[in-house]
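One structure is given here, and the rest of the page talks about it.
The values are calculated or read from the model by the stated rules, or taken from the named source; none is laboratory data. Since this is a predicted model, take the numbers as computed values, not measurements. Every residue, glycine as well, gets a Cβ built from its backbone with ideal geometry; the counts of neighbours run over all protein chains shown. Surface areas here come from the heavy atoms of the whole protein model, side chains and all, with no ligands, DNA or RNA. Shrake-Rupley method; radii C 1.70, N 1.55, O 1.52, S 1.80 Å.
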2 protein chains.
Amino acid sequence: MSASASQVRLYELALDNGRSASPFVWRIRYALAHKGIAFETVYLGFTDIPTVFGGRFKTVPILEHGAMVLAESWDIAEYLERAFPGPLLFNTPAELALVRFTDAWFFNEVLKKMFRLYVKDVHDAARPSDRPYFRESREKNMKGKTLEGFTSDRATHLPAVRSALAPLRAHLLKFPFLGGGTPNFADYIALGGFYWAACAATLPLLQRDDTLRDWLERGFNLYGGIAKDPGVAPLFE
Amino acid sequence: MSASASQVRLYELALDNGRSASPFVWRIRYALAHKGIAFETVYLGFTDIPTVFGGRFKTVPILEHGAMVLAESWDIAEYLERAFPGPLLFNTPAELALVRFTDAWFFNEVLKKMFRLYVKDVHDAARPSDRPYFRESREKNMKGKTLEGFTSDRATHLPAVRSALAPLRAHLLKFPFLGGGTPNFADYIALGGFYWAACAATLPLLQRDDTLRDWLERGFNLYGGIAKDPGVAPLFE
């Protein structure tokens, strides 16, 4: 295998502001940093995804490593763990299982609510050429509403997402990270969700004095400031 | 240290039906079984707790091991891990941290809602001598309502607790236990909550076809049927 064939390429989602903004891409960016794996980014807009790899994948992240190409963030994380040395993402099978549970919690209780709050903001932040596709695909599930109609009362949904974060706040009274003394993939999953929101949100997710701020700042500053742009400011009132 | 001094005694909460029913006691019963530690039970009613150890503890479980006496289920679990050989409860610091997170989730999102549903059932199942104390201490936090008034519309709260269990259901599509292929303390925490409910509930918590049934049956049957009485039947419509 030549050096270039073993290059790692991460296909990410680009917004019009140049930011890579997908909660699922970001957990992989964190995982690559955790394991110290160099990679190059290929930016795709929403409508570019079907144009690569013969339309084989519907979503990003897509990871290319030599002849190996795969999507789905968990498949990618487990592949990185098998194929590369460096610090483990999962030290035991039980740790992996509990990270999976944390993912199920975050997706069901938090991320779905964030999608509801920020779907129009993501539309507005997408590349202009992606917006018609994004609108049409999302409005299909809005029972006849437009993005504008669906989000017009979105501030009323803030209390539900804020209170859904109670278990995370309770945990962070005891530990600096979800993973304990050091961050693990559970942190990367949650941080990726918050980073995605910070990239597009025009409505602050959290109250000014939310105790999640310290963990978010620690997390966005990992690995030399991996998520320092745009930082936590857009998340807070 | 004599043999009798190193005996392990677990002070548990007894209902009038003879069952030991506290979610916090039950996670320790499971932990003792996990580590293969023999112990003897001392049954206490609610009003007996202040009469032992000079009133030093307000809650059960209390664990006595030689000269060591301690309460609080997490302190007990970490003590058992340090003081006894046998299978580890926590194989890595990250696993311990994520079990703690799972506990924070279960307590905030599920157990609090179960307390609300079953507070009168627990009163009715308590020893008659404990009931006046139990009523008074619980009604203090019910803004002038009686146990009966507080729970009269309790069925309307079932949908919230059922939907709060979505992350657990999603996880159990992938793994037989919260801890993965084998149960760990995260399972014991959640199973202890369900066991407690099964001991007193007069309103089924779960719908007949809830996919949690298989995990509950597996969990109640661990360690030779540790929680087979009363089994899962009272939990299901």
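With a cut-off of at most 13 other beta carbons within 10 Å, and DSSP calling the residue loop, which trypsin sites (Lys or Arg not before Pro) in segment B:26-56 qualify? Please list them.
Values: sites: B:R27, B:R29, B:K35, B:R56; in loops: B:R56.
Passing both the DSSP loop test and the Cβ count: B:R56.
If I model a spin label at B:D229 and A:D124 as a point 7 Å from the Cα along the Cα→Cβ vector, what separation in nanometres do I get?
It is 6.4 nm.
Specify the inter-centroid distance of segment B:106-141 and segment A:136-209, based on alpha-carbon positions, in whole Å.
Segment B:106-141 and segment A:136-209 have Cα centres separated by 33 Å.
Please report the carbon-and-sulfur percent of the accessible area for chain A; probe 1.4 Å, protein heavy atoms only, DNA, RNA and ligands left out. Walk me through the numbers on the way to the answer.
On the way: 5360 of 9920 Å².
Whole-percent figure for carbon plus sulfur exposure: 54.
Given A:G179, A:G193, A:P159, which one lies farthest toward the positive end of the charge dipole of segment A:93-235, if we put +1 on the Cβ of every Lys and Arg and -1 on the Cβ of every Asp and Glu?
Projecting each Cα onto the dipole axis, the largest value belongs to A:P159.
At 10 °C and 1.306 mPa s, grab the translational diffusion coefficient of the protein assembly as shown from Stokes-Einstein with a Kirkwood Rh over Cα pairs, rounded to a whole number in µm² per second. Mind dumping the intermediate values first?
Details: Rh = 24.6 Å.
In µm²/s, the coefficient is 65.
For chain B, what's the relative contact order in percent, using C-alpha pairs closer than 8 Å and at least 6 residues apart? Walk me through the intermediate numbers first.
Working: 314 pairs, mean separation 53.8, N = 237.
After rounding, I find 23 percent.
With chain A treated as a Gaussian network of Cα nodes joined by springs under 10 Å, which of A:A126, A:A160, A:A14 yields the largest mean-square fluctuation?
Of A:A126, A:A160, A:A14, the most mobile in the Gaussian network model is A:A160.
Interface size between chain B and chain A, please: total buried accessible area, 1.4 Å probe, rounded to the nearest 100 Å². Mind showing how you got there, number by number?
Values: alone 10990 and 11000 Å², together 19840 Å².
Approximately 2100 Å², summed over both chains.
What does the accessible area of B:T41 come to, in Å² to the nearest 10, when a probe of 1.4 Å is used?
50 Å²
Trypsin sites (Lys or Arg not before Pro) within segment A:125-206: which are DSSP loop residues with at most 13 other Cβ atoms inside 10 Å? Please list the in-between numbers first.
Numbers: sites: A:R135, A:R138, A:K140, A:K143, A:K145, A:R154, A:R162, A:R169, A:K174; in loops: A:K140, A:K143, A:K145, A:K174.
Loop-located and lightly packed - A:K140, A:K143, A:K145, A:K174.
Which shape class, rounded, prolate or oblate, goes with segment A:8-83 when its Cα gyration tensor gives a ≥ b ≥ c as root eigenvalues, a/c under 1.5 marks rounded, and past that a/b bigger than b/c marks prolate?
On the way: a/c = 1.85, a/b = 1.27, b/c = 1.45.
Note, shape of segment A:8-83 comes out oblate.
Using a 1.4 angstrom probe, figure out how much accessible area the protein assembly as shown has per residue, in square angstrom, rounded to the nearest whole.
Values: 19840 Å² over 474 residues.
Roughly 42 Å² per residue, with all protein chains present.
Step through the residues of segment A:15-28 one at a time and calculate ³J(HN,Hα) from phi using the Karplus curve (6.51 cos²θ - 1.76 cosθ + 1.60, θ = phi - 60°), rounding each to whole Hz and writing x for Gly and Pro.
Calculated HN-Hα couplings, in order: 8, 5, 7, x, 7, 8, 9, 8, x, 7, 5, 5, 5, 7 Hz.
Which whole-Hz couplings ³J(HN,Hα) result when phi for each residue of segment B:117-125 is put into the Karplus expression 6.51 cos²θ - 1.76 cosθ + 1.60, θ = phi - 60°, listed in order with x for Gly and Pro?
For segment B:117-125, the Karplus-derived couplings read 5, 10, 4, 6, 4, 5, 3, 5, 8 Hz, x marking Gly and Pro.
Going by the alpha-carbon gyration tensor, a ≥ b ≥ c the square roots of its eigenvalues, is chain A rounded (a/c under 1.5) or, if a/c is not under 1.5, prolate (a/b greater than b/c) versus oblate?
Numbers: a/c = 1.84, a/b = 1.11, b/c = 1.65.
Note, shape of chain A comes out oblate.
Taking B:K35 as the anchor, which lysines have their alpha carbon closer than 16 Å to its alpha carbon, excluding any fewer than eight residues away along the same chain?
Leaving aside lysines fewer than 8 places away in the same chain, none come within reach of B:K35.
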